[in-house]
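Chemist: Right, I'll just put the structure down here and ask away after.
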Amino acid sequence: MRSLIAIRHLEREDISGILEQAKQMKAAILAGKPVDSGPPRTIGLLFFENSTRTRVSFEQAASYLGFRTVNFSGSGSSMRKGETLKDTILTLKHERLEGVVMRHWCSGSASLAARHFEGPVVNAGDGQHEHPTQALGDALTILERKETIDGLRVAIVGDVAHSRVARSNAWLLHRMGAEVRFVGPRSLIPGHTAKLPGETYYDLRNGISDADVVMCLRLQRERMESGHSVSAGEYRRLYQVNRSTLRAAAPDVMVMHPGPINRGIELDDLTADGHASAISDQVTNGIFVRMAALRWVFSEPRSAPAKKKEANV
Ligand code: NCD
């Protein structure tokens, strides 16, 4: 058993293994065949932040695996009475849950939960830190269209500063051999991108020039301090991915977005719904990588992984 906290902690073989398993699970489910799900488990789905795609796909993944889920949100719990995250996690452990999937607004909360739960924890997004299963679903989607990630030029456009999706994707894409670019206004690119694997571009057309994949991000206003953000109008004028700006990218570029989309800001409707868009595939593939991730955390590691120090970048 192990936890899935951050793509940054995974080796290339772990990533390929989870993706291969997800591919097989997808093929089985689409063909109406049974999947190799291992023993049935009871897992907690703890969402302390809003979620549509991630939450529903974990529910779907668990149900395809024959797992039982116990749903838990901060607002209906004793955390409203002041209970700490640590005590909440310990309570769930003593309630005999076998695993936990958690989304929380605080970066580092997934590691804390894993430390106290002492069983598998899957990070479904911790603050601005990581969202590993999103990056795995995105990778499966890229592989379906491009066959390999190695050597691709991938531009991650927008609010990189506040995005756990950008961080997990950057680590995964880099580890699998892609060239990663971060594109956006200075105020939305973290000052310490030197710690992230990728080059920074402040001009959209330069940043997406010849890109094979353009990954848009949502402007995450809930994470911005007032006065530190660009206006929606200004962002749209300089950074919107649309038919005209996409001419700079490779002719067979694929366009991605983790959702929820601010339509007309990060992306125009024609692009979001057009043939280059892989957004609906990202949503569907989220189910299969989450099935594979749940299987992976309940399986034994090949060999004890070397301990790596975690840094919140
Ligand atoms: C993202 C998230 O919550 O991190 N969405 C998702 O999980 N599909 C991105 C976002 O909220 O912008």
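The values are calculated or read from the model by the stated rules, or taken from the named source; none is laboratory data. For clarity, every value in this text was computed on a predicted model and none was experimentally measured. Glycine also receives a Cβ, built like all others from the backbone with ideal geometry; neighbour counts cover every protein chain displayed.
Chemist: I need the full set of residues from segment 197-240 which are β-branched (Val, Ile, Thr) and without any contact (Cβ under 8 Å) to a residue 40 or more places away in the chain, in order please.
Modeler: Thr200
Chemist: Also, I was wondering about something else. Looking at segment 37-70, which of its residues are within 19 Å of Gln24 (Cα to Cα) and small (Gly, Ala, Ser)?
Modeler: Ser37, Gly38, Ser57, Ala61, Ala62, Ser63, Gly66
Chemist: Give the residues of segment 178-196 that are surrounded by fewer than 17 Cβ atoms within 10 Å (Cβ to Cβ) and either without any contact (Cβ under 8 Å) to a residue 24 or more places away in the chain or under 18 Å from the mean Cα position of the chain (by Cα) (or both), sorted by residue number.
Modeler: Arg186, Gly191, Ala194
Chemist: Next question. Which residue, of Gly66, Gly99, Gly74, Gly108, is surrounded by fewer than 20 Cβ atoms within 10 Å (Cβ to Cβ) and on the phi < 0 side of the Ramachandran plot?
Modeler: Gly74
Chemist: Another question, then. Out of everything in segment 217-241 that is of a type outside the set (Ser, Thr, Tyr) and crowded, with 17+ Cβ neighbours inside 10 Å, what residue ends up being nearest to the ligand (Cβ to nearest atom)?
Modeler: Going through the qualifying residues, I end up with Arg218.
Chemist: Quick check on my filter: what residues within segment 49-69 are within 11 Å of the ligand (Cβ to nearest atom) and not in a helix (DSSP H, G or I)?
Modeler: Answer for segment 49-69, where residues must be within 11 Å of the ligand (Cβ to nearest atom) and not in a helix (DSSP H, G or I): Glu49, Asn50, Ser51, Thr52.
Chemist: Scan segment 107-144 residue by residue and report those that are near the ligand (Cβ under 10 Å from one of its atoms) and within 13 Å of Thr284 (Cα to Cα).
Modeler: Correct list: Thr133, Gln134, Gly137, Asp138.
Chemist: If only one of Arg247, Arg290, Arg263 is among the basic types (Lys, Arg), over 30 Å from Ser3 (Cβ atoms) and within 14 Å of the ligand (Cβ to nearest atom), which one is it?
Modeler: Sole residue among the options that is among the basic types (Lys, Arg), over 30 Å from Ser3 (Cβ atoms) and within 14 Å of the ligand (Cβ to nearest atom): Arg263.
Chemist: Restricting the search to segment 161-178, which residues are within 10 Å of the ligand (Cβ to nearest atom), touching a helix residue (DSSP H, G or I) at 6+ places or on another chain (Cβ under 6 Å) and part of a helix (DSSP H, G or I)?
Modeler: Val165, Ser168
Chemist: Out of all the residues in segment 101-140, which are within 21 Å of Glu83 (Cβ to Cβ) and part of a loop (DSSP other than H, G, I, E, B)?
Modeler: Matches in segment 101-140: Trp105, Cys106, Ser107, Gly108, Glu118, Gly119, Gly127.
Chemist: Residue check, Leu45 against (1) more than 16 Å from the ligand (Cβ to nearest atom); (2) touching a Lys or Arg at 6+ places or on another chain (Cβ under 9 Å); (3) over 26 Å from Ala170 (Cβ atoms), all met but one. Which one?
Modeler: Only one criterion in (1) more than 16 Å from the ligand (Cβ to nearest atom); (2) touching a Lys or Arg at 6+ places or on another chain (Cβ under 9 Å); (3) over 26 Å from Ala170 (Cβ atoms) is unmet by Leu45, namely (1).
Chemist: Evaluate segment 70-93: report whether one residue or more is within 16 Å of the ligand (Cβ to nearest atom) and either part of a strand (DSSP E or B) or closer than 19 Å to Phe298 by Cα (or both).
Modeler: yes
Chemist: Next question. When you check Gln21 against the structure, is it touching a helix residue (DSSP H, G or I) at 6+ places or on another chain (Cβ under 7 Å) and within 16 Å of the ligand (Cβ to nearest atom), yes or no?
Modeler: no
Chemist: Identify the single condition in (1) surrounded by fewer than 21 Cβ atoms within 10 Å (Cβ to Cβ); (2) touching a helix residue (DSSP H, G or I) at 6+ places or on another chain (Cβ under 7 Å) that Gly32 does not satisfy, given that it satisfies every other one.
Modeler: (2)
Chemist: Criterion first (without any contact (Cβ under 8 Å) to a residue 12 or more places away in the chain and of a type outside the set (Lys, Arg)) does His129 satisfy it?
Modeler: No.
Chemist: Which condition breaks for Ser37 when tested against (1) surrounded by fewer than 22 Cβ atoms within 10 Å (Cβ to Cβ); (2) part of a helix (DSSP H, G or I)?
Modeler: (2)
Chemist: Here's another thing I want to ask about it. Only one of Thr54, Thr84 is among the hydroxyl-bearing types (Ser, Thr, Tyr) and under 19 Å from Leu4 (Cα atoms). Can you tell me which?
Modeler: Thr54
Chemist: Right, something else. Give segment 43-60 a look and list any residue that's farther than 15 Å from Cys106 by Cα and in contact with a Leu (Cβ under 8 Å, 6 or more places away or on another chain), or say none.
Modeler: The answer is Ile43, Gly44, Arg55, Phe58, Glu59.
Chemist: I've got another one for you. Which one of the conditions (1) over 20 Å from Val160 (Cβ atoms); (2) at pLDDT below 95; (3) of a type in the set (Asp, Glu) does Glu222 fail to meet, given that it meets all the rest?
Modeler: So Glu222 meets the others, but not (1).
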